[in-house]
Amino acid sequence: MPGLDLARRFYEQAVRPLLGATPHAAALLGPGSEVLGLDDGVSPDHDFGPRVQLFLPPGAPAPDLTGLPAGFDGHPVAFAYNGTHGQHVEVTTAAAYFTARLGADPAGGLSLADWLLAPTQTLGMLTAGAVFHDPDGELARRRAALAWYPHDIWRYALAAGWLRVAQEEAFPGRAGAAGDDLGSRVVTARLVRELMRLAFLIERRWAPYAKWLGTAFARLDLAARAGPSLAGALAATGWREREDALVRAASVLAAATNGLGLAPAVDPRPRPFHTRDIRVLDADRLVVALTSAVEDPEVRALLGRLGGRRGGPVGTLPGTIDQAVDSTEILMDPARCRRAAAMLGLPGTTGVAR
């Protein structure tokens with residue numbers, strides 16, 4: 001049984017009858033492959049079982065759950081979870097739950113810092129899953145607030161994603177032409193990952209963590225058009241073939257970025273890298289177009305603080321926390337994410353998680 005179905009049945013049949021008239025909301029959100037709907041037959045071998053979160057009004061006493069059964073639908077209710085044992089009915093408030101994972105309660109709105117310091121995998125975990133009971137809309141309001149970036153923050157994140165491509169798009173060819181086939185392959189794989197993550201941004205979908213990136217990417221509309229070229233780049237045995245596949249995929253994603261209408265369109269066709277016999281998209285053009293279209297004063301102030309590369313029009317954009325950092329130990333720790341504010345060019349944060 002899929003984990004979300006198991007959780008719903010567990011709540012409805014085992015947990016809710018113990019709550020009586022206790023006002024509450026109930027859901028399964030947060031970490032776990034089942035929250036993303038990506039659990040399979042392997043998932044139950046660890047950290048898997050009937051679980052649910054109960055969200056009570058502030059100050060409400062915790063319900064008595066001692067009547068929970070020892071097992072449910074063939075699964076133990078007290079099961080191993082991250083090396084511990086216990087019944088996995090988490091009792092909290094909506095404000096506390098979201099603040100603990102984001103450093104801010106989205107019910108009160110999110111600042112620029114809140115958005116940029118929130119990993120996409122966390123935003124995905126909070127907006128996926130399933131809500132089983134929410135009579136006052138406490139969960140719905142918060143999940144709606146996290147549905148997607150405001151437009152100018154979206155422009156900034158897209159620009160930062162394209163900048164990451166621009167910084168390395170010539171390297172598969174440069175390394176390959178110099179006889180470094182392994183280096184060419186490594187940079188190609190890095191660019192494939194960046195282009196995949198751009199596809200999520202273009203389709204307004206939160207990218208998951210590495211284990212499920214390819215699976216979730218395959219469900220995007222852009223996967224049918226860009227996926228074969230991305231796979232071809234990874235499978236290529238020569239740098240020319242890698243280059244051809246990469247520029248085809250990048251051109252598809254550049255055209256899709258144009259289609260968003262967030263900035264003036266750029267020509268998505270590849271072109272030579274300076275005077276060298278290397279072809280690239282020249283992704284800097286998208287960085288300039290997107291950042292030039294930003295109107296929000298706070299985002300423009302951030303761009304001003306960050307400045308341009310070599311004084312030119314291409315900004316020095318660290319981007320969102322998971323564009324700037326690739327450490328699980330940072331991305332899964334909200335307090336550490338919040339402490340990265342200065343690194344991202346942000347003056348400070350509010351609602352720091354502790």
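Every read-out reported here was derived from the displayed coordinates using simple, explicitly stated rules and does not represent laboratory data. Owing to the predicted nature of the structure, the values given are computational and were not obtained by experimental measurement. A quick note on method: Cβ atoms are made from the backbone with ideal geometry, for glycine too, and the neighbour counts reach across all protein chains shown.
Spin-label model, A70 to A210: label points 7 Å out along the Cα-to-beta-carbon direction sit 4.1 nm apart. Of the peptides 70-77, 181-188, the order by per-residue mean of other Cβ atoms within 10 Å, starting with the highest, comes out as 181-188, 70-77. Residue by residue, the stretch 61-66 carries 3J(HN,Hα) couplings of x, 5, x, 7, 10, 5 Hz when phi is fed to the Karplus relation 6.51 cos²θ - 1.76 cosθ + 1.60 (θ = phi - 60°); x denotes Gly or Pro. For the stretch 236-275, backbone nitrogen atoms closer than 18 Å to the point 7 Å from D181 Cα along Cα-to-C-beta are found at 236-245.
For the chain, what proportion of DSSP beta bridges, expressed in % and rounded to the nearest 5, is antiparallel? Please list the in-between numbers first.
Working: 15 of 19 bridges.
If we restrict to bridges inside the chain, about 80 percent are antiparallel.
Working from Cα pairs under 8 Å separated by at least six residues, relative contact order for the chain is 18 percent.
Backbone phi angles across the stretch 23-35, fed through the Karplus curve with coefficients 6.51, -1.76 and 1.60 (θ = phi - 60°), yield HN-Hα couplings of x, 6, 10, 9, 6, 10, 10, x, x, x, 4, 5, 5 Hz in residue order; Gly and Pro are listed as x.
What FRET efficiency comes out for the pair T237/R310, r = Cβ-Cβ distance, R0 = 41 Å, nearest 0.05? Working shown, then result.
On the way: r = 36 Å, r/R0 = 0.88.
The calculated FRET efficiency here is 0.70.
For the stretch 108-214, the normalised intensity computed at q = 0.16 Å⁻¹ comes to -0.80 (log10 of I(q)/I(0), Debye sum over alpha carbons, equal scatterers, no solvent).
Determine the shape class of the stretch 198-332: with a ≥ b ≥ c the square roots of the Cα gyration tensor eigenvalues, call it rounded for a/c under 1.5, and otherwise prolate if a/b is greater than b/c, oblate otherwise. If you can, show how the numbers build up before the last one.
On the way: a/c = 1.61, a/b = 1.18, b/c = 1.36.
Verdict is oblate for the stretch 198-332.
Between L163, A223, V186, the Cα set farthest toward the positive side of the dipole of the stretch 134-251 (charges on each charged residue's Cβ, about the Cα centre) is that of A223.
With +1 on each Lys and Arg Cβ and -1 on each Asp and Glu Cβ, how big is the dipole of the chain about its Cα centre, in debye rounded to the nearest 20? Write out the running numbers ahead of the final one.
Working: 36 positive and 37 negative charges, 193 e Å.
The dipole magnitude comes to about 920 debye.
Put simply, the Cα atoms of the chain extend 74, 45, 32 Å along their principal axes, the longest span coming first.
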